[in-house]
Every structure is written in structure tokens, then in C-alpha cells.
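The values are calculated or read from the model by the stated rules, or taken from the named source; none is laboratory data. These numbers were taken from a predicted model, which means no experiment stands behind them. In this analysis, Cβ positions are derived from the backbone assuming ideal geometry, glycine residues included, and neighbour counts consider all displayed protein chains.
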There are 2 protein chains.
Amino acid sequence: MNIIENPKRDCWAELLKRPTQTVNDIEKTVNEIFDDINRNGDVAVSKYTHIFDGVQLTRFTASEEEINQATQAVSPELKKAIQQAKSNIEKFHTAQKTTKIEIETQEGVTCWQEKRAIQKIGLYIPGGTAPLFSTVLMLAIPAQIAGCKDIVLCTPPNKEGKIANEILYAAQLCGVSKVIKIGGIQAIAGLTFGTETIPKVYKIYGPGNQFVTVAKQIATKYGVAIDMPAGPSELLVMADVTANAEYVASDLLSQAEHGADSQVLLVSTSKPLITAVEKEVEKQLKVLPRQAMAKKAIENSKLILVKNDAEALDLINEYAPEHFIICTENEAFYCNGIVNAGSVFVGNFTPESAGDYASGTNHTLPTNGFSKAYSGVNLDSFMKSMTFQKITKKGLLNIGKTIEIMAEAEGLHAHKNAVSIRLKDL
Amino acid sequence: MNIIENPKRDCWAELLKRPTQTVNDIEKTVNEIFDDINRNGDVAVSKYTHIFDGVQLTRFTASEEEINQATQAVSPELKKAIQQAKSNIEKFHTAQKTTKIEIETQEGVTCWQEKRAIQKIGLYIPGGTAPLFSTVLMLAIPAQIAGCKDIVLCTPPNKEGKIANEILYAAQLCGVSKVIKIGGIQAIAGLTFGTETIPKVYKIYGPGNQFVTVAKQIATKYGVAIDMPAGPSELLVMADVTANAEYVASDLLSQAEHGADSQVLLVSTSKPLITAVEKEVEKQLKVLPRQAMAKKAIENSKLILVKNDAEALDLINEYAPEHFIICTENEAFYCNGIVNAGSVFVGNFTPESAGDYASGTNHTLPTNGFSKAYSGVNLDSFMKSMTFQKITKKGLLNIGKTIEIMAEAEGLHAHKNAVSIRLKDL
């Protein structure tokens, strides 16, 4: 672990730099696969599933039978846990519902804003060694609350052409319309153009490896919206002398086990705390099953000693962490002052893994400093706001002249005329 | 004008197709300019301003003196109109403020959502023959209400190195921090990377030609957010027998004058209304100063006769218009049923130009069918939502087991351990 004491402000940018990702090499491959699938639909999708997932499927859509079998196979204990998490996620995202906003800006000029669900959406769930069913909950639950009509889930099949029971169970529990056993670039391309099997959608959500990330970026070129760009997961813990080094170490490690490219940072005003955390990390690391993976990330991690809370806050806002844990006496200072973060965990008994699974907040969050401009996934991610206006005769008399003058000044005479032609009748 | 009577549903996709834009040819140029500006900063910016705008500037930033002079030069009448528009836009966007959402999902598990302003933003205002100062209002007013700190405006200079008085006046009136006389690809690249003169920002807003549009798309590759992809402006009017053909024609023409690639559609349940509108358009077109431009768009316009309101609504939602005017007896049917539109104008005395300037709604809206997934610019476009959670000891006892079970099922043992290590102390 790298300990950095009191770094100067003009070194912050370098210190907080994320490892750069090379998108350009991947882009060519992604573009080629997009073109192929745009032209050849399912035939091309099938080809790439064979190449990348090593399986030849005759049927891509998960059948009702498969879903029923999966539901049977998930243990009652895990089902109960998933249902508990679902209940909390549902409560928090339902609380995010907004009502129509209506206002008369001038007499006779009424403006209002209403939200509508995005009708057709695609959820991407990565495959790999562990079945990340929790992401199904995080995307499908708010989509269902928003009222999205077609909720299509794509996830790669394993070499036997199967997907995890837990994913199928979570999908049916949360109202997913269709589960398709297609992953990677071919899934994103399919959702972008539509194929015989994959419906074309308006917006694509969910994490993925760098191929999926670039594919989502390319999808936006074809008019499909995405939740946000993605990067490796990251955690920043702010801890002072009141923090518990054992707990802090466990949080840093829970982030580190995601992979060698995970970002782990500790910022502290206390040197003894930093030393204690360093020791604890070494101790806990030894007994972790994913030790090798976590070790790499921990080696690249940074423990930063700062002078005071004000400096810490500036540095944290400059970094804009995806996950931000606050273990300090002065919690309110950080809660009020943080402007750039995905999700914030407050106090010694709020581990990051609570938000990953079950507290109720969403775990699909902006990484790579994107929290400077992007929200994490929330109810509004599945809706768009539309505006309306209705003007009465009296209203047009009140506002007409203003429109005429401004339109004329912009040289748009037909814009002016649309008002004048009405005013002449009033 | 093309009149289409009762088109079959399987022809809708073809009928509602927008003219395709060729992004790929432009992309190479944009990428080259981005690379150059990333490496060479202001030197490169200066070079491209010379090439594209035909002017060599020694100072890019508008001085206080220039702003004062511009303020003097704008007529009192136009100032009053701009202030009136500002007041309405301010009222409607202030009404969109949301408060903290807080909920206890389980005893001891509190989750909340708060919004924060995006700290550094860039507004792009196109140049050209007409000074589009109204867009300054539409972007800078909500940015100021949101609380954005650095609001940078970029707009191309004319051959004399000047920008329109109206733009400078509107910028200072609405709290823009810095006005920079740089346009096109070089402005977007500058805002993406930062140069000696142009600050690096987190999100870029505003319309532009196809070069600016592609540049904004490329900016997202470098982690900068954008308001939305842009395309040519468009209007769909739904009018029945109760509509006023003269008014409808004036609205269609106000859209058509934007340019030859503007999209103009009329959907109606009444053949006589369609015929009457067609005649009126020809009549009004003759006296328009921008006749040549409007004529081209009008030639490509479509007047579509449909059987009934239900069919009309389906067709309109399939098209997803940027601007949607409702001139029908049954207004509520369309207001409630519309799911895909940017901004909606209700009734015979609500011309689209009202929303372009002064009703209070925003005129930066999703074109090209993007309203299926994107909102128009609104207060939330300048903020991001962050989530927080705080769990008490009691709370962790309630929720801990659920997290442990789920983390274990996903094979993430350090995630589980972050809970177990705390539970052992409780």
C-alpha cells in the first residue's frame, strides 16, 4: 500500500489519476460486430456467441420451463434474502416518485412538467464466474416502478448454454419481460438495432467489461441512450481517529476483491489510523478466498494523510469517488460538503456492501470521476420529463409582444408570424 | 406537401423515417481536431478559429468592456422582452426544485437522496446569421438556479472577431461566468480537455451544426457528459376539425423556416382541415423573408390523414416529435396519452414559438425520436442525484444476514466479511 503524507495541491491531479483505459483498439472490433449484426441479425449474433462464449444455441430466449426450474433450484434462504433486499430497494425507489409540477408563469400562461416511463429498455447483466443477480434487482425494480413496458434482460450463457438460476429467479421476481441468453458486444448491438430475437430498445442499462462499455458508447451513436459510461469499481474511505481500523480494512478489501483494476483509497487526518488500517488489511487479506485478485488492487491502493477536514473534503470532491464511506466524528461536515460522489455510506456500521445488496440504494453508480456530472441509477433513470404549456387568449395578449420582439431579433419571422396571426383575432 | 391518407401500420416506420445523417465522414475530422487541441491547446484553437471562422484573435475571452458596450447597444424594447422571458423561464425552472428524499427502509437503515449542482459546465451557442440569444436564457437560467459554479459560454466570432450584442447581454443577465469567442469543434474540444483559455468542464449543453453534434458525441468518449444528441428541429401538429387552418399553417411554417432539413408533420382526422392547411401554407409562404429555406422543408413535409384519435396517438408516439401541438377538441386524450415528445403545446392559442422564447418551458429538446429516451433540458439537467445511507447497530443486526447470504451467493467473500466483522461486535 502506498502511504502519501500531506500531498501538495498541485500534485493532487497526478495522485488521483485513474489508470487510463485504451478504448481505441477495442472500438474497431466493436464497430465491425455492430455492422455485421445490423446487416445479418440473429445469424451474426449466433456466430459471435459461438466465438466469444463457446456455445452454439438454437434458442436464445429463456423458456418458462427454465425459469420455473431455476426458481425451484434457488435455496429458500437465498430467496428470503433476495426478497428482503427487493423490499428495501422498492421502498427507496418508490419514494423517488415525483408529481406533476404546474405553474402559471404569467396570467393565462400555464406550464407543467410530467414524467413518462421509457417504454422499451434493455438491461445488461454480466456473466462470468459469479452470477451477479443483485444487479438484476437494482435495474429491474426501478424499471417496474417507473412503468417501463418492455424490460429485456441480456446476459451471456455459459459453455452449456445456461445462465445462473439466481439471475433467472431475480428476473421473474422483478417483472423482466424477456430473458435472452446473449452477452457481450453482440447483446448491445442486438438491443441497438433489433434482430429477430432481440427487441430494439430505447435505453440500455448495466455494467460490463470493457467490450460492453465501448459497445454501449457506440450504441449512443445510433440514437440509443445509456445509463452512464462505466469503469472499474472504486471506493474512498474518509476516516479519522474515531474510526475502527478493522472495519475500515474490511471495507477496503471488499472493494479490492472486485479485481486488480479496482481503486481503493483511504483519506485520513490521523497517522496512527493509517498505520492501524495498513496492518489490519494485511491480516484480513491472508484469509480471503479471492486473495490474489484483492492483493493486486491493494498494492495499488493509496493511503493519504491530510492536514484537516477542509483539505480532505476538497481532495475527495476532486476525486469524485463512486463509493464514499464517512467514518469520522464530524459526519455532517462531509455529508453537507460532498458534491461529487455516487453513493455515500455514513458511520462505522454502514459497510459499502450494504448498499451493494440490501439497504435500498442503487449500486449502479458513476465510476471514473463521472459522479462530477452523472447520477447513479435512480427512478428518474427510467423516465423522461416532458413539458406542456397551454396559453389562453388573455395569456397570448400578455406574452405575445415579447415573443414577437425576440423572434424578430433572431431573424425568425415565421416564428413571429405564428403569434401575430393569432393576435389579430383577439 | 405530401398528403398521405390512412397509411397502414406496417408502413409507419418508413413514413416516419427521418433523413439519415452521415456521421462517419465527419468523425475523422473531429477526432483529428480533438487530438490537436488536446496536445497543443490554445495554439491549435487559434489555428482552427482562423480556418473555420476566418478570423485571427489575440484574445478569446469577451472583456468587461465588450459586455458593457453590448448592454448599451441592445434596445430597451428588446431588453424588456428578454427580461420578461427570463422571469417566466425562471419561475418554471425554480418550480422544478426537489427536496431531499429520506426513508427508513428497515428499522435502523436510513436511505436518502440529495441533489447537487454540476460544478463546471459549458454552454454552446451557435453563431451564424441570426444571434440565437434565446438559447443563452434556456441554458444559463436553469444552470444558475441549480447552483452551477463555473458557467462557461462558447460561441463563434464573426469575421471581425465579434459576437452578437444580444448574446453578450443575455449572458451577463443570466450569470454566465465567462464568455469565450470560440465556436465549432474547437470549442467542444477545448471544453473537453481544457486549454490555457478554455476551462475543462464536466458537462456540455447546447445546439449546433452537425460538426458540433459529432464533437459533443466524441466528448463523451473522454468522460464529459452532454445534454443530449441533437438533430434538425421538428414539429408535429395534431389537428381535428375544430382547429384553425390559418394558425396551424403558421406553426408549420415557423418550424420550416429553421432550414431545409427541418421536419414538419400534420396529423389530422379531418380531410377538409388538411386541404385548408395546405392552401394556407402556400398563401403565407409567399410573404416570408426566409421563403427559400422554408419552401424546401415544406416540400418534404407530410400531411397525414388518420381514421381516429387512437390511431393518431399511436402514430405520434411512434414518431416521438420534438415539438407537439395539440389543436383538437379532445385535448385531454392527447395530453394523457402522449408518452414520447419533447414539449407539448395545447390549444389554438399556444403557438410553438411561445415555448421557443417566453412561456417558461425550455426549448432545448430531444429531436430525431430521442424523446423516446431523453428529457428536454430542465433543472435536473444541471444537477446529479446522490444517495446516502446510514445504518445503526440495530439496523445492521436487521439487515446483516441478508447481505451476508447474497454476497456469499455472488462469491464475494470480502463483501460478506465487511458485515461479519461488524456483527461479531454487536
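Structural remarks
- Screening the candidates B:Ile163, B:Ile188, B:Ile218 for the property of being outside any loop (DSSP other than H, G, I, E, B), out of contact with any Gly (no Cβ under 6 Å at 6 or more places or on another chain), in contact (Cβ under 8 Å) with a residue 24 or more places away in the chain and crowded, with 24+ Cβ neighbours inside 10 Å yields one hit, B:Ile188.
- Scanning the range B:287-313 for residues that are touching a residue at least 60 places away in the same chain (Cβ under 8 Å) and exposed (fewer than 15 other Cβ atoms within 10 Å of the Cβ) gives B:Glu299, B:Lys307.
- Among (1) within 11 Å of chain B (Cβ to nearest Cβ); (2) in contact (Cβ under 8 Å) with a residue 40 or more places away in the chain - the single one A:Asn317 does not satisfy: (2)
- Within the range A:41-58, considering residues that are assigned to a helix (DSSP H, G or I) and of a type in the set (A, V, I, L, M, F, W, C), the one nearest to A:Leu191 (Cα to Cα): A:Val45
- Residue check, B:Ile89 buried (at least 19 other Cβ atoms within 10 Å of the Cβ), over 28 Å from B:Gly161 (Cβ atoms) and free of Cβ contacts under 8 Å to residues at least 24 places away in the same chain: no
- For the range B:375-401, a residue qualifies if it is β-branched (Val, Ile, Thr) and outside any strand (DSSP E or B), and the qualifying residues are B:Val377, B:Thr392, B:Ile399.
- In the range A:222-233, the residues that are at pLDDT below 95, touching a Phe, Trp or Tyr at 6+ places or on another chain (Cβ under 7 Å) and crowded, with 19+ Cβ neighbours inside 10 Å: A:Met228, A:Pro229
- Number of the exception - B:Leu15 against (1) over 30 Å from B:Ile304 (Cβ atoms); (2) not assigned by TED's automatic domain parsing to the domain that holds B:Ala187: (1)
- In the range B:357-373, the qualifying residues are those that are within 12 Å of A:Ala225 (Cα to Cα) and out of contact with any Leu (no Cβ under 9 Å at 6 or more places or on another chain), and the one that is farthest from the other protein chains (Cβ to nearest Cβ) is B:Pro366.
- Scanning the range B:234-256 for any residue that is polar (S, T, N, Q), assigned to a loop (DSSP other than H, G, I, E, B), within 20 Å of the chain's Cα centre (by Cα) and surrounded by fewer than 23 Cβ atoms within 10 Å (Cβ to Cβ) turns up nothing.
- Subset tally (residues that are among the aromatic types (Phe, Trp, Tyr) and out of contact with any Cys (no Cβ under 6 Å at 6 or more places or on another chain)) for the range B:371-409: 2
- The range B:385-414 residues that are more than 7 Å from chain A (Cβ to nearest Cβ) and under 15 Å from A:Ala85 (Cβ atoms), paired with ones that are in a helix (DSSP H, G or I) and at pLDDT 95 or above (beta carbon under 6 Å, 6 or more apart): B:Gly400/B:Val419; B:Gly400/B:Leu423; B:Glu404/B:Lys416; B:Glu404/B:Val419; B:Glu408/B:Lys416
- Filter result for A:Asn362 (surrounded by fewer than 23 Cβ atoms within 10 Å (Cβ to Cβ) and not assigned by TED's automatic domain parsing to the domain that holds A:Ile151): no
- Residues that are free of Cβ contacts under 8 Å to residues at least 60 places away in the same chain and hydrophobic (A, V, I, L, M, F, W, C) were ranked within the range A:92-103; the one that is farthest from A:Val176 (Cα to Cα) is A:Ile103.
- B:Asp36 being within 22 Å of B:Ala171 (Cα to Cα) and not aromatic (Phe, Trp, Tyr): no
- Of all residues assigned to the range A:104-112, at least one qualifies as being touching a residue at least 60 places away in the same chain (Cβ under 8 Å), more than 7 Å from chain B (Cβ to nearest Cβ) and surrounded by fewer than 17 Cβ atoms within 10 Å (Cβ to Cβ).
- Residue match in the range A:106-121 (condition: of a type in the set (Phe, Trp, Tyr) and more than 30 Å from A:Leu396 (Cβ to Cβ)): no
- Consider the range B:69-86 and keep the residues that are among the small types (Gly, Ala, Ser) and surrounded by 14 or more Cβ atoms within 10 Å (Cβ to Cβ). The one that is nearest to B:Ser375 (Cα to Cα) is B:Ala85.
- Out of B:Thr392, B:Thr350, B:Thr387, sole residue that is under 23 Å from A:Ile399 (Cβ atoms) and among the β-branched types (Val, Ile, Thr): B:Thr350
- Among residues of the range A:331-356 being among the polar types (S, T, N, Q) and free of Cβ contacts under 8 Å to residues at least 40 places away in the same chain, the one that is farthest from the other protein chains (Cβ to nearest Cβ) is A:Asn336.
- Tally of residues being touching a Ser or Thr at 6+ places or on another chain (Cβ under 7 Å) and either free of Cβ contacts under 8 Å to residues at least 12 places away in the same chain or in a helix (DSSP H, G or I) (or both) across the range A:359-374: 0
- Scan the range A:59-68 for residues that are in a loop (DSSP other than H, G, I, E, B) and either aliphatic (A, V, I, L, M) or facing chain B (nearest Cβ under 8 Å) (or both) and the total you get is 1.
- Looking only at residues in the range B:116-143 that are in contact with a Cys (Cβ under 8 Å, 6 or more places away or on another chain), hydrophobic (A, V, I, L, M, F, W, C) and at the interface with another protein chain (Cβ under 8 Å from one of its Cβ atoms), the one that is surrounded by the most Cβ atoms within 10 Å (Cβ to Cβ) is B:Ile118.
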